[in-house]
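Okay, structure first, notes after.
FYI, it's all coordinate maths here, none of it is from the lab. A quick note: this is a predicted structure, and the numbers were derived from the prediction, not measured. Don't worry about glycine lacking a Cβ; one is built from the backbone with ideal geometry, like all the others, and counts go over all protein chains shown.
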């Protein structure tokens, strides 16, 4: 097992089997040393999605936890393409979309769930540029969707 996966286990998490894409696209695509990760939702280990609007149905803390599930699901798709998470050189950019009540303005606090977990796992290699935006709706009513770009070793 890789050091990154050991760290994930130490933090009390596990990587699951990626669900198949819900359309005609790839969960992750590598070109050169970059991997482009499709948007993933907050699928919990039991397979259920975290659903609802943050700021109405869910608290900031619940949104933060949903973003952590997104991070883990991105790592599952990343591992599928690169085989070993220790090949991660750096997380380059994340786009976080939060299913938010129209008056909700704390999308960065929700996205910190993903960002914090990536840094807990990868240290400085997990730091990244990022956008955190509120959306009026996300697929299937999920609370958060996150996509990313990762630089990897050859």
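What to note about this one:
- Rounded to 5, percent antiparallel among DSSP beta bridges of the range 75-154: 55 percent
- Over all distinct Cα-Cα pairs of the chain, the Kirkwood formula returns a hydrodynamic radius of 15.3 Å.
- Relative contact order for the chain: 34 percent, from Cα pairs under 8 Å spaced at least 6 residues apart, divided by residue count.
- Global form of the range 55-139, assessed from the alpha-carbon gyration tensor, a/c cut-off 1.5: prolate
- By the compact-protein rule of thumb, 2.2 N^0.38 Å, the alpha-carbon radius of gyration of the range 95-154 corresponds to a ratio of 1.23.
- From helices alone, the chain scores -10000 deg cm²/dmol at 222 nm; the rule is -39500 (n - 2.57) for each run of n ≥ 4 DSSP H residues, then divide by the residue total.
- Radius ratio Rg over Rh of the range 44-99, counting only Cα atoms, Kirkwood formula for Rh: 1.04
- Nitroxide proxy distance, nm - points 7 Å out along Cα→Cβ at residue 119 and residue 25: 2.8 nm
- Of the residues 131, 115, the one with the fewest other Cβ atoms within 10 Å heads the list, and the complete ranking is 131, 115.
- FRET efficiency, 1/(1 + (r/R0)^6) with R0 25 Å, evaluated for residue 44 and residue 127 via beta carbons: 0.45
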